[in-house]
Amino acid sequence: MATVPRLAATSKDDGIELHPDGSWVAANVTALEALTEAAAPQVERAKSLKMDMSGLSELDTLGAWLLEKLSRRTVTADHPVEVVGVSENYVGLIEEIRHVNRHNPPPLKARNPVIARVEEIGRAAWSSREDVAVFLHMLGSLCVALLGIIRRPRSLRFTSLVYQLYRVGWQAIPIVLLITFLIGAIIAQQGFFHFRKFGADSYVVDMVGILVLRELGVLIVAIMVAGRSGSAYTAELGSMKMREEIDALSTMGLDPVVVLILPRVLALVCALPILTFMGSMAALYGGGLVAWFYGGMGPSIFIARLHDAVSVTHFEVGMIKAPFMALVIGIVACSEGLRVKGSAESLGKQTTTSVVKSIFLVIVLDGLFAVFFASIGM
(Lines give C-alpha, C1' and ligand atoms only; values in the text may rest on other atoms or scores of the structure.)
Protein backbone atom coordinates (compact mmCIF):
# COMPACT_ATOMS: atom_id res chain seq x y z
CA MET A 1 0.00 0.00 0.00
CA ALA A 2 1.15 3.53 -0.72
CA THR A 3 2.83 5.44 2.09
CA VAL A 4 2.47 8.88 0.49
CA PRO A 5 -0.77 10.49 1.75
CA ARG A 6 -3.41 11.23 -0.85
CA LEU A 7 -6.97 12.46 -0.78
CA ALA A 8 -9.24 11.82 -3.76
CA ALA A 9 -12.66 13.49 -4.05
CA THR A 10 -15.47 12.12 -6.22
CA SER A 11 -18.74 13.97 -6.78
CA LYS A 12 -21.95 11.93 -6.73
CA ASP A 13 -25.27 13.70 -7.25
CA ASP A 14 -25.32 16.55 -4.70
CA GLY A 15 -22.79 14.88 -2.44
CA ILE A 16 -19.10 14.10 -2.37
CA GLU A 17 -17.11 10.98 -1.62
CA LEU A 18 -13.60 11.23 -0.15
CA HIS A 19 -10.96 8.50 -0.45
CA PRO A 20 -8.00 9.16 1.84
CA ASP A 21 -5.15 6.70 1.40
CA GLY A 22 -1.53 6.33 2.31
CA SER A 23 0.10 7.32 5.57
CA TRP A 24 -1.91 9.90 7.53
CA VAL A 25 0.52 10.44 10.40
CA ALA A 26 2.24 13.42 12.07
CA ALA A 27 5.40 12.96 9.98
CA ASN A 28 3.42 14.07 6.92
CA VAL A 29 1.66 16.96 8.60
CA THR A 30 2.53 19.55 5.94
CA ALA A 31 1.18 17.42 3.10
CA LEU A 32 -1.91 16.42 5.09
CA GLU A 33 -2.84 20.02 5.90
CA ALA A 34 -2.48 20.95 2.24
CA LEU A 35 -4.72 18.06 1.16
CA THR A 36 -7.49 18.87 3.65
CA GLU A 37 -7.42 22.58 2.86
CA ALA A 38 -7.66 21.85 -0.88
CA ALA A 39 -10.69 19.60 -0.39
CA ALA A 40 -12.44 21.95 2.05
CA PRO A 41 -14.32 24.09 -0.51
CA GLN A 42 -15.85 21.01 -2.18
CA VAL A 43 -16.90 19.57 1.17
CA GLU A 44 -18.57 22.80 2.24
CA ARG A 45 -20.68 22.91 -0.95
CA ALA A 46 -21.73 19.26 -0.72
CA LYS A 47 -25.12 18.25 0.70
CA SER A 48 -23.82 14.88 1.85
CA LEU A 49 -20.42 13.38 2.58
CA LYS A 50 -19.13 9.85 2.39
CA MET A 51 -15.62 9.03 3.58
CA ASP A 52 -14.04 5.75 2.54
CA MET A 53 -11.05 4.97 4.74
CA SER A 54 -10.24 1.55 3.35
CA GLY A 55 -7.11 2.87 1.61
CA LEU A 56 -5.37 4.09 4.75
CA SER A 57 -2.11 2.34 5.54
CA GLU A 58 -1.26 4.35 8.67
CA LEU A 59 -3.32 6.64 10.87
CA ASP A 60 -2.53 8.49 14.08
CA THR A 61 -4.28 11.12 16.17
CA LEU A 62 -3.20 14.01 13.94
CA GLY A 63 -4.45 12.35 10.77
CA ALA A 64 -7.73 11.33 12.37
CA TRP A 65 -8.29 14.85 13.67
CA LEU A 66 -7.63 16.44 10.26
CA LEU A 67 -10.18 14.10 8.65
CA GLU A 68 -12.66 14.82 11.45
CA LYS A 69 -12.22 18.59 10.99
CA LEU A 70 -12.83 18.15 7.28
CA SER A 71 -15.99 16.15 7.87
CA ARG A 72 -17.31 18.76 10.33
CA ARG A 73 -17.41 21.35 7.57
CA THR A 74 -20.44 19.44 6.32
CA VAL A 75 -21.86 18.64 9.74
CA THR A 76 -22.15 22.33 10.55
CA ALA A 77 -24.61 22.65 7.68
CA ASP A 78 -26.71 19.75 9.05
CA HIS A 79 -25.72 17.43 6.20
CA PRO A 80 -25.25 13.70 6.80
CA VAL A 81 -21.77 12.18 6.98
CA GLU A 82 -21.07 8.51 6.34
CA VAL A 83 -17.77 6.87 7.26
CA VAL A 84 -16.98 3.44 5.83
CA GLY A 85 -14.03 1.14 5.41
CA VAL A 86 -12.45 1.84 8.81
CA SER A 87 -9.90 -0.76 9.84
CA GLU A 88 -10.46 -2.47 13.17
CA ASN A 89 -7.14 -1.01 14.37
CA TYR A 90 -8.45 2.52 13.99
CA VAL A 91 -12.11 2.18 15.07
CA GLY A 92 -11.41 3.27 18.66
CA LEU A 93 -9.30 6.21 17.56
CA ILE A 94 -11.93 7.43 15.09
CA GLU A 95 -14.70 7.17 17.69
CA GLU A 96 -12.62 9.01 20.29
CA ILE A 97 -11.81 11.84 17.89
CA ARG A 98 -15.45 12.18 16.85
CA HIS A 99 -16.45 13.08 20.43
CA VAL A 100 -13.81 15.77 20.90
CA ASN A 101 -15.26 19.26 21.53
CA ARG A 102 -18.80 18.15 20.74
CA HIS A 103 -20.31 18.45 24.20
CA ASN A 104 -20.52 22.14 24.96
CA PRO A 105 -21.80 23.10 28.44
CA PRO A 106 -25.32 24.51 28.44
CA PRO A 107 -25.47 28.31 28.72
CA LEU A 108 -25.97 29.64 32.22
CA LYS A 109 -29.31 31.17 32.96
CA ALA A 110 -29.38 34.87 33.68
CA ARG A 111 -29.42 35.44 37.42
CA ASN A 112 -31.02 38.17 39.42
CA PRO A 113 -28.25 40.77 39.92
CA VAL A 114 -29.40 41.54 43.46
CA ILE A 115 -29.30 37.85 44.47
CA ALA A 116 -25.92 37.44 42.77
CA ARG A 117 -24.51 40.42 44.68
CA VAL A 118 -25.87 39.16 48.00
CA GLU A 119 -24.36 35.75 47.31
CA GLU A 120 -21.02 37.35 46.47
CA ILE A 121 -21.05 39.29 49.76
CA GLY A 122 -21.96 36.14 51.66
CA ARG A 123 -19.15 34.14 50.08
CA ALA A 124 -16.66 36.92 50.84
CA ALA A 125 -17.81 37.04 54.47
CA TRP A 126 -17.55 33.26 54.76
CA SER A 127 -14.05 33.23 53.23
CA SER A 128 -12.92 35.83 55.79
CA ARG A 129 -12.60 32.93 58.24
CA GLU A 130 -9.29 32.10 56.61
CA ASP A 131 -8.02 35.65 57.11
CA VAL A 132 -8.96 35.53 60.79
CA ALA A 133 -7.24 32.16 61.17
CA VAL A 134 -4.06 33.46 59.48
CA PHE A 135 -4.07 36.58 61.70
CA LEU A 136 -4.48 34.55 64.91
CA HIS A 137 -1.82 32.06 63.80
CA MET A 138 0.68 34.85 63.19
CA LEU A 139 -0.20 36.47 66.52
CA GLY A 140 0.35 33.17 68.30
CA SER A 141 3.67 32.60 66.53
CA LEU A 142 4.83 36.08 67.55
CA CYS A 143 3.84 35.44 71.18
CA VAL A 144 5.78 32.16 71.21
CA ALA A 145 8.81 33.84 69.64
CA LEU A 146 8.63 36.70 72.15
CA LEU A 147 8.50 34.25 75.06
CA GLY A 148 11.61 32.60 73.64
CA ILE A 149 13.33 36.00 73.50
CA ILE A 150 12.38 36.67 77.13
CA ARG A 151 13.88 33.33 78.19
CA ARG A 152 16.99 33.81 76.04
CA PRO A 153 17.55 37.54 75.48
CA ARG A 154 20.73 36.83 73.49
CA SER A 155 18.62 35.26 70.75
CA LEU A 156 17.11 38.66 69.90
CA ARG A 157 18.56 39.94 66.63
CA PHE A 158 19.37 43.37 67.96
CA THR A 159 21.12 44.55 64.79
CA SER A 160 18.08 43.68 62.68
CA LEU A 161 15.80 45.42 65.19
CA VAL A 162 17.86 48.62 65.10
CA TYR A 163 17.98 48.56 61.30
CA GLN A 164 14.20 48.15 61.05
CA LEU A 165 13.74 50.97 63.58
CA TYR A 166 15.89 53.16 61.38
CA ARG A 167 13.81 52.30 58.32
CA VAL A 168 10.29 52.55 59.74
CA GLY A 169 11.04 55.21 62.34
CA TRP A 170 13.87 57.59 61.51
CA GLN A 171 13.39 57.61 57.74
CA ALA A 172 9.63 58.18 58.13
CA ILE A 173 9.96 61.30 60.29
CA PRO A 174 10.12 63.91 57.47
CA ILE A 175 7.00 62.73 55.63
CA VAL A 176 5.08 62.21 58.88
CA LEU A 177 5.90 65.70 60.11
CA LEU A 178 4.97 67.27 56.79
CA ILE A 179 1.63 65.49 56.42
CA THR A 180 0.51 65.98 60.03
CA PHE A 181 1.59 69.64 59.94
CA LEU A 182 -0.61 70.18 56.89
CA ILE A 183 -3.51 68.26 58.44
CA GLY A 184 -3.39 70.40 61.59
CA ALA A 185 -3.20 73.59 59.53
CA ILE A 186 -6.16 72.57 57.35
CA ILE A 187 -8.32 71.66 60.36
CA ALA A 188 -7.56 74.99 62.02
CA GLN A 189 -8.24 77.00 58.84
CA GLN A 190 -11.58 75.30 58.26
CA GLY A 191 -12.46 75.72 61.93
CA PHE A 192 -11.82 79.46 61.87
CA PHE A 193 -13.65 79.84 58.56
CA HIS A 194 -16.86 78.23 59.87
CA PHE A 195 -16.74 79.02 63.62
CA ARG A 196 -16.21 82.70 62.91
CA LYS A 197 -19.80 82.91 61.70
CA PHE A 198 -20.95 82.13 65.25
CA GLY A 199 -18.28 84.15 67.07
CA ALA A 200 -16.69 80.99 68.43
CA ASP A 201 -13.12 81.43 67.23
CA SER A 202 -11.65 80.28 70.53
CA TYR A 203 -13.28 76.85 70.22
CA VAL A 204 -11.12 76.10 67.19
CA VAL A 205 -8.24 75.45 69.59
CA ASP A 206 -10.35 72.92 71.48
CA MET A 207 -11.28 71.16 68.27
CA VAL A 208 -7.72 71.01 66.95
CA GLY A 209 -6.24 69.87 70.25
CA ILE A 210 -8.76 67.13 71.00
CA LEU A 211 -8.99 65.84 67.44
CA VAL A 212 -5.24 65.69 66.95
CA LEU A 213 -4.30 64.17 70.29
CA ARG A 214 -7.15 61.66 70.57
CA GLU A 215 -7.92 60.62 66.99
CA LEU A 216 -6.34 62.16 63.93
CA GLY A 217 -2.73 62.18 65.08
CA VAL A 218 -2.44 58.44 65.66
CA LEU A 219 -4.86 57.55 62.85
CA ILE A 220 -3.09 59.55 60.13
CA VAL A 221 0.32 58.28 61.23
CA ALA A 222 -0.91 54.66 61.35
CA ILE A 223 -2.38 54.92 57.84
CA MET A 224 0.86 56.39 56.54
CA VAL A 225 2.92 53.66 58.19
CA ALA A 226 0.59 50.99 56.77
CA GLY A 227 1.06 52.35 53.27
CA ARG A 228 4.79 52.97 53.62
CA SER A 229 6.25 50.30 55.91
CA GLY A 230 3.50 47.67 55.77
CA SER A 231 3.69 47.40 52.00
CA ALA A 232 7.49 47.21 52.22
CA TYR A 233 7.28 44.33 54.71
CA THR A 234 4.88 42.41 52.47
CA ALA A 235 7.02 42.96 49.38
CA GLU A 236 10.23 41.92 51.16
CA LEU A 237 8.84 38.74 52.69
CA GLY A 238 6.96 37.93 49.48
CA SER A 239 10.17 38.20 47.45
CA MET A 240 11.93 35.94 49.94
CA LYS A 241 9.07 33.46 49.67
CA MET A 242 9.28 33.48 45.86
CA ARG A 243 13.04 32.86 45.94
CA GLU A 244 12.56 30.13 48.59
CA GLU A 245 14.81 31.96 51.04
CA ILE A 246 12.32 31.41 53.87
CA ASP A 247 12.31 27.67 53.15
CA ALA A 248 16.11 27.79 53.23
CA LEU A 249 16.01 29.35 56.70
CA SER A 250 13.74 26.55 57.92
CA THR A 251 16.08 23.98 56.38
CA MET A 252 19.00 25.56 58.28
CA GLY A 253 17.09 25.12 61.53
CA LEU A 254 16.22 28.82 61.96
CA ASP A 255 12.72 30.04 62.76
CA PRO A 256 11.61 32.58 60.12
CA VAL A 257 9.31 34.24 62.69
CA VAL A 258 12.25 34.95 65.01
CA VAL A 259 14.68 35.91 62.25
CA LEU A 260 12.46 37.95 59.92
CA ILE A 261 9.09 38.82 61.43
CA LEU A 262 9.69 39.55 65.12
CA PRO A 263 12.29 42.33 64.55
CA ARG A 264 9.98 44.01 62.05
CA VAL A 265 6.91 43.90 64.29
CA LEU A 266 8.86 45.06 67.36
CA ALA A 267 10.31 47.93 65.33
CA LEU A 268 6.80 49.01 64.32
CA VAL A 269 5.50 48.75 67.90
CA CYS A 270 8.37 50.92 69.12
CA ALA A 271 8.38 53.41 66.24
CA LEU A 272 4.67 54.16 65.86
CA PRO A 273 4.17 55.77 69.32
CA ILE A 274 7.20 57.98 68.70
CA LEU A 275 5.95 58.95 65.25
CA THR A 276 2.49 59.58 66.72
CA PHE A 277 3.90 61.93 69.33
CA MET A 278 5.97 63.84 66.78
CA GLY A 279 3.08 63.94 64.31
CA SER A 280 0.68 65.26 66.96
CA MET A 281 3.12 68.01 67.90
CA ALA A 282 3.57 68.94 64.26
CA ALA A 283 -0.21 69.08 63.75
CA LEU A 284 -0.61 71.35 66.80
CA TYR A 285 2.20 73.53 65.51
CA GLY A 286 0.49 73.79 62.11
CA GLY A 287 -2.79 74.67 63.80
CA GLY A 288 -1.02 77.31 65.92
CA LEU A 289 0.54 78.94 62.86
CA VAL A 290 -2.83 79.13 61.09
CA ALA A 291 -4.41 80.52 64.25
CA TRP A 292 -1.72 83.20 64.35
CA PHE A 293 -1.68 84.27 60.69
CA TYR A 294 -5.26 83.45 59.65
CA GLY A 295 -7.27 83.68 62.86
CA GLY A 296 -5.43 86.57 64.50
CA MET A 297 -4.78 84.53 67.65
CA GLY A 298 -1.29 85.03 69.06
CA PRO A 299 0.90 82.08 70.13
CA SER A 300 0.54 82.87 73.84
CA ILE A 301 -3.26 82.94 73.59
CA PHE A 302 -3.29 79.72 71.54
CA ILE A 303 -1.08 77.90 74.05
CA ALA A 304 -3.09 79.13 77.02
CA ARG A 305 -6.37 78.07 75.39
CA LEU A 306 -4.84 74.73 74.44
CA HIS A 307 -3.74 74.21 78.04
CA ASP A 308 -7.28 74.77 79.26
CA ALA A 309 -8.95 72.64 76.57
CA VAL A 310 -6.66 69.63 76.50
CA SER A 311 -5.80 67.33 79.37
CA VAL A 312 -3.23 64.60 79.76
CA THR A 313 -6.06 62.10 79.26
CA HIS A 314 -6.46 63.11 75.63
CA PHE A 315 -2.75 62.58 75.06
CA GLU A 316 -2.83 59.20 76.82
CA VAL A 317 -5.75 58.00 74.68
CA GLY A 318 -3.82 58.64 71.46
CA MET A 319 -0.60 57.09 72.74
CA ILE A 320 -2.32 53.95 74.05
CA LYS A 321 -3.78 53.27 70.59
CA ALA A 322 -0.45 53.51 68.80
CA PRO A 323 1.24 50.20 69.77
CA PHE A 324 -1.93 48.20 69.12
CA MET A 325 -2.29 49.72 65.67
CA ALA A 326 1.39 49.00 65.01
CA LEU A 327 0.89 45.36 66.04
CA VAL A 328 -2.07 44.98 63.67
CA ILE A 329 -0.16 46.56 60.78
CA GLY A 330 2.88 44.35 61.37
CA ILE A 331 0.90 41.12 61.65
CA VAL A 332 -1.16 41.80 58.52
CA ALA A 333 1.87 42.88 56.48
CA CYS A 334 3.99 39.89 57.44
CA SER A 335 1.21 37.32 57.09
CA GLU A 336 0.30 38.61 53.63
CA GLY A 337 3.94 38.45 52.64
CA LEU A 338 4.11 34.78 53.61
CA ARG A 339 0.99 34.06 51.49
CA VAL A 340 2.72 35.13 48.25
CA LYS A 341 2.88 32.41 45.61
CA GLY A 342 5.51 32.00 42.91
CA SER A 343 4.49 34.80 40.54
CA ALA A 344 5.01 38.56 40.35
CA GLU A 345 1.24 38.96 40.01
CA SER A 346 0.75 37.26 43.36
CA LEU A 347 3.33 39.57 44.95
CA GLY A 348 1.53 42.68 43.70
CA LYS A 349 -1.86 41.32 44.74
CA GLN A 350 -0.76 40.47 48.29
CA THR A 351 0.98 43.84 48.70
CA THR A 352 -2.21 45.65 47.72
CA THR A 353 -4.25 43.39 49.99
CA SER A 354 -1.87 44.07 52.86
CA VAL A 355 -2.27 47.85 52.61
CA VAL A 356 -6.06 47.68 52.25
CA LYS A 357 -6.49 45.26 55.16
CA SER A 358 -4.14 47.23 57.40
CA ILE A 359 -5.91 50.55 56.81
CA PHE A 360 -9.32 48.91 57.27
CA LEU A 361 -8.32 47.23 60.54
CA VAL A 362 -6.66 50.40 61.83
CA ILE A 363 -9.88 52.37 61.31
CA VAL A 364 -11.97 49.60 62.89
CA LEU A 365 -9.58 49.42 65.85
CA ASP A 366 -9.75 53.19 66.28
CA GLY A 367 -13.55 52.98 66.38
CA LEU A 368 -13.45 50.20 68.97
CA PHE A 369 -11.04 52.20 71.12
CA ALA A 370 -13.28 55.27 70.84
CA VAL A 371 -16.26 53.27 72.15
CA PHE A 372 -14.13 51.70 74.90
CA PHE A 373 -12.64 54.97 76.16
CA ALA A 374 -16.04 56.64 76.05
CA SER A 375 -17.51 53.82 78.15
CA ILE A 376 -14.82 54.21 80.84
CA GLY A 377 -15.00 58.00 80.83
CA MET A 378 -11.64 58.82 79.23
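Per-structure values
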read-out: Verdict on ILE187 being under 26 Å from GLY230 (Cβ atoms), part of a helix (DSSP H, G or I) and open to solvent by 50 Å² or more (accessible area, probe 1.4 Å); value: no
read-out: Residue in the range 152-164 that is open to solvent by less than 60 Å² (accessible area, probe 1.4 Å), out of contact with any strand residue (DSSP E or B) (no Cβ under 9 Å at 6 or more places or on another chain), of a type outside the set (Ser, Thr, Tyr) and in a loop (DSSP other than H, G, I, E, B) present; value: yes
read-out: Leading residue by the ranking (farthest from ASP366 (Cα to Cα)) among those in the range 319-345 that are under 16 Å from the mean Cα position of the chain (by Cα) and among the basic types (Lys, Arg); value: LYS341
read-out: Near pairs, Cβ below 7 angstrom, 6+ apart or cross-chain, from the range 172-197 (over 13 Å from ILE220 (Cα atoms)) to any residue that is not in a helix (DSSP H, G or I); value: GLN189/TYR294; PHE192/ASP201; PHE192/TYR294; PHE192/GLY295; PHE195/ASP201
read-out: Strands (runs of 3 or more DSSP E) wholly inside the range 1-85 that include at least 2 residues being in contact with a Lys or Arg (Cβ under 8 Å, 6 or more places away or on another chain) and exposed (fewer than 15 other Cβ atoms within 10 Å of the Cβ); value: 81-84
read-out: Within the range 240-284, tally of residues that are over 26 Å from THR180 (Cβ atoms) and either of a type in the set (Lys, Arg) or part of a helix (DSSP H, G or I) (or both); value: 19
read-out: Filtered residue count, the range 344-377, keeping only those that are in contact with a Lys or Arg (Cβ under 9 Å, 6 or more places away or on another chain) and farther than 19 Å from GLY227 by Cβ; value: 4
read-out: Positions within the range 285-304 being under 13 Å from ILE183 (Cβ atoms) and β-branched (Val, Ile, Thr), in sequence order; value: VAL290
read-out: Hits in the range 344-370 (condition: open to solvent by 50 Å² or more (accessible area, probe 1.4 Å) and at pLDDT below 90); value: ALA344, GLU345, LYS349
read-out: Meets criteria (more than 15 Å from VAL340 (Cα to Cα) and either over 15 Å from the mean Cα position of the chain (by Cα) or not aromatic (Phe, Trp, Tyr) (or both)) for SER250; value: yes
read-out: So VAL332, is it surrounded by 23 or more Cβ atoms within 10 Å (Cβ to Cβ) and either among the hydrophobic types (A, V, I, L, M, F, W, C) or in a helix (DSSP H, G or I) (or both); value: yes
read-out: Looking only at the range 67-91, and only at residues there that are closer than 16 Å to ASP52 by Cβ and hydroxyl-bearing (Ser, Thr, Tyr), the one that is modelled with the lowest pLDDT; value: THR74
read-out: Boolean, ALA267 is small (Gly, Ala, Ser) and under 25 Å from LEU161 (Cβ atoms); value: yes
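Matching residues to (1) in a helix (DSSP H, G or I); (2) under 25 Å from GLY238 (Cβ atoms):
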| site | (1), (2) |
| --- | --- |
| LYS321 | yes, no |
| MET325 | yes, yes |
| VAL328 | yes, yes |
| LYS341 | no, yes |
| LEU347 | yes, yes |
| LEU365 | yes, yes |
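Yes/no per residue for (1) within 15 Å of VAL168 (Cα to Cα); (2) surrounded by fewer than 20 Cβ atoms within 10 Å (Cβ to Cβ); (3) at pLDDT below 90:
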| position | (1), (2), (3) |
| --- | --- |
| LEU254 | no, yes, yes |
| LEU266 | yes, no, no |
| ALA271 | yes, no, no |
| ALA283 | no, no, no |
| GLY295 | no, no, yes |
| GLY298 | no, yes, yes |
| SER311 | no, yes, yes |
| PRO323 | yes, yes, no |
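The values are calculated or read from the model by the stated rules, or taken from the named source; none is laboratory data. None of the values given here were measured: they were computed from a predicted structure. Note: ideal-geometry Cβ built from the backbone for every residue, glycine included; neighbour counts use all protein chains shown. What goes into the accessible areas is simple: the full protein's heavy atoms, side chains included, and nothing from ligands, DNA or RNA. Shrake-Rupley method; radii C 1.70, N 1.55, O 1.52, S 1.80 Å.
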